[in-house]
Amino acid sequence: MTAPKRKLAAIVFTDIVGFTKLTSENQTSAAALLVQQRELFKPMVESRNGKWVKEIGDGLLLIFDTVTDAVECCVELQEKIKHTEHLNLRIGIHQGEILITDNDVIGDDVNIASRIEPFSATGGIAISNKVHDAIIREADYETKYLGKPKLKGVGQKVEIYCITSHGLPETRLSEVSAKLESTTPIWHYAVAALLVMGVAGYFIIPKKASVTSVAVMYMEISGEEEDQYLETMTEDLIFDLAKSMPGKLKVSEVSAVRKLKKTDLEIPEIARNLGVQFVFKSSLQRSGTGFNLRCRLVDSETGNDKFINKWFIETNSLQSIVGVLVENIINGLDIAMVGDLTKIEYDPEAYELYLKGKDLYARSDNADQDVEAIKMMQNVIVLDNKLIAAQLKLGQMYYDNTQYDRAETIFTQSLKKSRELEDNTNIAESLRKQGQLFRKQRQNEAALEKFNEALSISTVMNDKNSIAKILNSIAILYYKTDRLDDALEYWLQAFSIAKEFDDKLKISKYLNNIGIWYWKDYDYSKAIDYYEKSLIIKEELGDTRNYGKTLNNLGEVYYDIGDFSSAIDYFNQSISIKEKLNDNKGLNSTLFNLGEAQVYNTNYHDAFPNFRKSLSISINLDDFYQIALGYIGLGIVHFNISNYDSASYYFEKADSIIVDFPVNRLTTLSWLAAISMMDNQQEKGLNYIQSFNDIFVQTDPKHKDIITLNWNMYQAHLLNGNKKSAKKYLENSYLELKSRSKNIKNKKDRNQYLSIRLHQDINKAWNN
């Protein structure tokens, strides 16, 4: 036995993608593929002074004396097999110290190399930071940073890149199974404990915030109505105060204090609702050439004033008001400043116009006012491009009005300017806004990159408020892309921060989001539990708008399990709130949900006016998709009362609207096919069947109504006398029903789900 020898080497791991599946399907082909790999690769490895250490199943362990030899060899390997059937490789490369034994190599760096390979795209190459540092000096190599891998028990710094030059594919993190280390601090990670103790415990054990906390109430503006725009300075005050004290001071968010802008509550009640120790109030009154400014900071526990101050501020120094108040609050709280107080001086005209633009947009109730507010904010940026808040606000205005290209331009501009000013808070916020925009446009990889970069910056600043917002944004992204476990992890981290700060508004928000997660995971009982916990806090806070949203969520859960009476009750409660708030967009969707529940509950005559009302709102909103849904709802009502002519009319109207969206047309075509056959219009029905099949074969839709679609097509084919095709669609419907019911965690919920009339009909037809 030869004595073990240590040396520095470039370590390569490879893996054949899809080999396990190939083995299960054709063992002979799989064995031949391994022989082919050996015959192709071994000479190439040896020509680069590499050593063929061993084969590990379908993978290879190789070592090279230099990084250059290893990388060049791997690039050649990927190029050579680019068009070889089944030989699709992932490759990972790391450099480190190895211990060479008789026929093997061992060591921590070998283990690290094996963990890098899964980060490679199929046909690509992933590399560690050590390999990256060695090759990046070569002009013809290009790479992309991926992040830090999750490596337990590894003391050295490891980062992962992928090579993007030489025709190699870029790694898309959403398509690989390997996990990166979160950029959030380690203290956020007790996921299981949060589930068992943190979330539930909030309602059992009173939580005292671990940091000083203050609510900055909206500034009271005395005097002329035309001066009311000045109250929007409160939002800048909150932002600058939080920015100056990251990690040391909880400042209630604008959305929280806005709800209490006109409140008659006493200070102790305000403090209790917002979960803070101190309440800050201020007032502004025009006087001659300026304003009288007054403020007080109150300790909510004792009722004593920490300070009461007053000043006279010249009209052309509005911006100074924010700075004066921030300094007074910090001094009054006796906390050492952590961050930097904004010292940038803005153009006075620009700052005042910025306040007016914000105010107009907040009060706007029509498109014309939105346009005017946008023009005002555009002028602000022309007057002073250092006012980052104006850029962020303008970008948000564009976003709200679906002008996404313009929003992207402005957010890019705000990011650039924030970097120039070394304003980390606004750098992080600009990145977060960009991420939200990309997520909205389903550019998920780009969105995740922006969120992670923002998270890194906020983590360095220890700005926990910002961290929580970004974590929530990432969780939503993961949720929308079906990475449910990751979504839950990030929501629980956000919940942890909210709980630490006793931020009831956010706690209620994240409880709602965790409820959404359980809904998606078919754990309906837990979803209901979390929604109800969220409602308790929202009611306590008087958060009426979000209370209405959670009521709608509860209705959707009960609808999904087939408890239509409960669903109808919750939808009606939600509608009542949304009508009072003039929330037409939210009202529209809930009216449609109510109509659907009423149809399933055989309340056809109740459903009809709700679908009509939903349709009317959709037309006013110019929301073509919701318009189509309104017609579909009306069509379903007429179908259920056997009024096939009217049903066809409404389904055809819907179909004409969504004709350019094939997957969405599956709904209308399935109904039209069934109706035509029931109405003895065979030729027409066959045309719809053909159109349905043309789309169905070309797509693999994850359609929430896939059970109904297949049932409709079963009926259509059966009425046409095509029993073979009918049975296939019945089988599709039955198997999907069986699959979904098995996923439901709670037995009672599962039985309720299977008791739905349609589901009973499917089971009966299949068993017969």
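Derivation of every value follows stated rules applied to the coordinates shown; laboratory data play no part. Remember, it's a predicted structure, so these values are computed and weren't measured experimentally. For neighbour counting, all protein chains shown are included, and Cβ atoms are generated from backbone atoms with ideal geometry for every residue, glycine included.
Here are a few things to note about the model shown:
- Interchain or long-range residues, amide H under 5 Å from residue 88's placed H: 17
- Net length gained if the chain between residue 419 and residue 695 were fully extended (0.36 nm per residue, minus Cα distance): 94.5 nm
- With the simple spin-label model, which puts each label point 7 Å out from Cα in the Cβ direction, the residue 480 to residue 289 separation comes to 5.3 nm.
- Highest average packing first - 317-328, 67-78, Cβ atoms within 10 Å: 67-78, 317-328
- In terms of its alpha-carbon gyration tensor, the range 111-150 comes out prolate; a/c meets the 1.5 threshold, and the first ratio a/b outweighs b/c.
- Working from the Cα coordinates of the chain, the gyration tensor eigenvalues give, after taking √(5λ), semi-axes of 48, 43, 24 Å in decreasing order.
- Rough spin-label spacing in nm, given labels placed 7 Å along Cα→Cβ, for residue 363 and residue 456: 4.4
- Pairs beyond 19 Å (Cα-Cα), from 7/150; 533/742; 469/585; 417/469; 281/310; 393/469: 7/150; 533/742; 469/585; 417/469
- The order of the peptides 638-645, 79-86, 475-482 by mean Cβ neighbours within 10 Å, most packed first, is 475-482, 638-645, 79-86.
- Taking amide hydrogens as placed 1.01 Å from N in the peptide plane, the amide H of residue 220 sits under 5 Å from those of 282, 283, 284, each at least 5 positions away in sequence or on another chain.
- Kirkwood Rh, angstrom, the range 5-175 [1 / mean 1/r, Cα pairs]: 16.1
- Prolate/oblate/rounded label for the range 473-578 (Cα gyration tensor, a/c 1.5): oblate
- The range 569-643 shape via C-alpha gyration tensor axes, a/c threshold 1.5: oblate
- Looking at the chain alone, DSSP beta bridges between its own residues are antiparallel in about 80 percent of cases.
- Sorted peptide list for 126-132, 683-689, 402-408, criterion being average Cβ within 10 angstrom, highest first: 126-132, 683-689, 402-408
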